[in-house]
Amino acid sequence: MMTLARVAALLGLAGAVVHLALTGAHVAHAPLIALGLVALALVCVPCSVRLWRSPHDRSAWRGALVVAGVMVMLHLAMRPDGAMLAAVLTVAALQAAVGLAALRRSARLPAPADA
């Protein structure tokens, strides 16, 4: 479970870094898009931190799946093609697979005792 959580957290943080890196390309000609990229990047950080710290937190996993779904919808609404479409769908598929595997696995495991 720890490995799945770490993979999911790293995917989320990588997405945040990519969105922040793309912000510079849009600041001059589309400041609202740049602001949106920053906001979306900031959404990924708390979820990633929660997954890293608490791999058994089912609400963090559900949140990660919801955010991944919203991100796919937003990206597909931009009508990407070629490499961008492949990247969007690959990352989404990875996030969904990791999240669903973790939720299935946590449903079978007893919750860890609180310290």
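Couple of notes before you dig in:
- The chain - mean residue ellipticity at 222 nm from DSSP helices (-39,500 (n - 2.57) per run, n ≥ 4, rounded to 500): -29000 deg cm²/dmol
- Taken one residue at a time, the phi angles of region 73-83 give Karplus couplings (6.51, -1.76, 1.60, θ = phi - 60°) of 4, 4, 5, 5, 5, 7, 6, x, 9, x, 5 Hz. Gly and Pro are set to x.
- What the phi angles of region 54-60 give under the Karplus curve with 6.51, -1.76 and 1.60, with θ = phi - 60°, is a coupling list of 10, x, 9, 6, 4, 5, 5 Hz, glycine and proline written as x.
- Compactness ratio for region 5-115: Cα radius of gyration over 2.2 N^0.38 Å (N = residue count) comes to 1.16.
- The string of couplings for region 31-37 from the Karplus curve (6.51, -1.76, 1.60, θ = phi - 60°) is x, 5, 5, 4, 5, x, 4 Hz, one whole number per residue in order, with x for Gly and Pro.
- Helix 2-26 axis, angle to the chain major axis (alpha carbon atoms, nearest 10°): 10 degrees
- Around the amide H of His56, modelled in the peptide plane, lies no amide H under 5 Å away from a residue 5 or more places distant or on another chain.
Every number here is computed from the coordinates shown, using simple stated rules; none is lab data. Fair warning: this is a prediction, and the values are worked out from it, not measured in the lab.
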